[in-house]
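The values are calculated or read from the model by the stated rules, or taken from the named source; none is laboratory data. Just so we're clear, the structure is a prediction, and the values are computed from it rather than from any experiment. With ideal geometry, Cβ positions are generated from the backbone for all residues, glycine too; neighbour counts draw on all protein chains shown. Just so you know, the surface numbers come from the protein's heavy atoms only, side chains and all, with ligands and any DNA or RNA stripped out. Shrake-Rupley method; radii C 1.70, N 1.55, O 1.52, S 1.80 Å.
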Amino acid sequence: MNERYCIAAGIVVYNPDKVRFEKCIQSLKQQVSKIFVFDNSENPTRISDKSIVYLSEGGNKGIAHALNCIMQEAKNSGFQWVVTMDQDSIVPIGLFEEFETAIDRHRDVGIICPCVKDSRRPYEYEKKELPEEFVEFCITSASCTSVEAWEKCGKFDEWLFIDLVDNEFCKRIRLSGYKILRLNKWVLDQEFGKIIPKSERKQKFWITVSKVLHNSNFAKFSYKKIVVPMRVYYTNRNIIYVNKKLKKYDRVGYENYKCKGYLGFIISFMIPSILRAQNKRAIIKATVKGIRDGRKSQPVEWVAKK
């Protein structure tokens, strides 16, 4: 099973829903011989399964640290590629075989990924005409990452903890001489954040507005978002940090917020987070603290290896 390129699977979990997590595991066991699980839960529950390598440090160490541990364990076990997963993602049968075929066709790829859509936000997904294409960014969930590329670019940045980990990593992957290939015929249904759709009439109105103005940010008003102070803090902190770290190589991370710079980030993320928050005081506090800590951060300026 995937002997040719030694592909393993890795899952980062945090207090997972047991039913959904079990479905995730079963979808992977049909396609790989080894699964590495890093449990970020404070009270982790060990898994007794010979095909699963269970990892935990008894607390939440962040997504980047968990991913690095998975990649290192996979390397130690002789694997060359790792498909990294969220705890609630279910991989379509056949995707791993497609990864192998893509590796055969493209020797210069560092990451191979499927398309991703959030069925709760249909306006964000557009069916692609090309069967595959090179892209600048992908999320870590269901992405097949080269262990060699991971090492060469400097691994995942653990200071980030959670938000913008994939944006910053993808930037360094490409600057290190690798490409990111997206397989457009494979689509992963992935939920981003906690949202509550509004009435059908309101959804239709805001989606129409976004199309007329050619700006998908307006479509966000078609649902109510549960704004989490912790995520607001890390986003505001990390957007400053990553652009300090990679300042020699143009902007990074703003693509998440459909903007091209910090002013756009303020308009498309910072202000809406405060306006839509259930607890505005907590969000303002998290925003200010994130900006302050981001400005105080002193990342080692990254330079691509030739």
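Details
- Scanning the stretch 10-24 turns up no residue that is in contact with a strand residue (DSSP E or B) (Cβ under 6 Å, 6 or more places away or on another chain), touching a residue at least 12 places away in the same chain (Cβ under 8 Å), open to solvent by less than 60 Å² (accessible area, probe 1.4 Å) and not in a strand (DSSP E or B).
- Pick from the stretch 283-306, criterion in a helix (DSSP H, G or I) and open to solvent by 90 Å² or more (accessible area, probe 1.4 Å), ranking: nearest to S273 (Cα to Cα): K285
- Lone unmet requirement of (1) at pLDDT 95 or above; (2) surrounded by fewer than 15 Cβ atoms within 10 Å (Cβ to Cβ); (3) in a helix (DSSP H, G or I) for K211: (1)
- Scan of the stretch 29-77 for residues that are of a type in the set (S, T, N, Q), in contact (Cβ under 8 Å) with a residue 12 or more places away in the chain and open to solvent by 10 Å² or more (accessible area, probe 1.4 Å), ordered by number: Q30, Q31, S33, S51, S56, N60, N68, S77
- Residue within the stretch 39-49 that is touching a Ser or Thr at 6+ places or on another chain (Cβ under 7 Å) and under 14 Å from F96 (Cβ atoms) present: no
A quick yes/no check of all residues on (1) part of a strand (DSSP E or B); (2) among the hydrophobic types (A, V, I, L, M, F, W, C):
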position: A219; (1), (2): no, yes
position: K224; (1), (2): yes, no
position: M230; (1), (2): no, yes
position: Y234; (1), (2): no, no
position: I239; (1), (2): no, yes
position: V252; (1), (2): no, yes
position: E255; (1), (2): no, no
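- Qualifying residue in the stretch 263-281 (condition: in contact with an Asp or Glu (Cβ under 6 Å, 6 or more places away or on another chain), over 22 Å from V116 (Cα atoms), surrounded by 18 or more Cβ atoms within 10 Å (Cβ to Cβ) and of a type in the set (A, V, I, L, M, F, W, C)): no
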